[in-house]
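These notes are about the structure you will find just below.
The values are calculated or read from the model by the stated rules, or taken from the named source; none is laboratory data. Please read all numbers here as calculations on a predicted model, not as lab measurements. Cβ atoms come from the backbone with ideal geometry, glycine included; neighbour counts cover every protein chain shown. Just the protein is used for accessible areas: all its heavy atoms, side chains included, with ligands, DNA and RNA removed. Shrake-Rupley method; radii C 1.70, N 1.55, O 1.52, S 1.80 Å.
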Amino acid sequence: MSGACDHSGTHSGATRYLREAGQLRLVVVCDDCGGECGEITRVDYLPHPALTAPSAGAAALTDPLARG
Ligand SMILES: [Zn+2]
């Protein structure tokens with residue numbers, strides 16, 4: 001269907017992480033074809049080591065507040 005969509009339907013926001021640039025692109029994508037319709041902005045973004053470390057995820061799973 002490439003090239004057949006005129007992006008006249010509904011759209012959604014999406015983000016694309018640019019690893020080399022250390023940025024997040026905020027874009028608008030077409031719900032029909034998934035193609036990008038435009039870029040809203042870019043924001044500087046670098047993943048925080050504490051949020052991506054395996055130990056952080058394990059701690060979240062064993063959070064006593066989550067056990068009820
Ligand atoms: Zn489209």
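Of the whole protein surface, residue 46 contributes about 130 Å² of accessible area at a 1.4 Å probe radius.
Expressed in nm to one decimal, what extension gain is obtained for the pair residue 18 and residue 5 from 0.36 nm per residue of sequence separation less their Cα-Cα distance? List each step's numbers first, then the result.
Details: separation 13, 0.36 × 13 = 4.68 nm, distance 2.62 nm.
Using 0.36 nm per residue and subtracting the Cα-Cα distance, I get 2.1 nm.
Seen from residue 24, the other residues with C-beta closer than 9 Å to its C-beta sum to a net charge of +2, counting Lys and Arg as +1 and Asp and Glu as -1.
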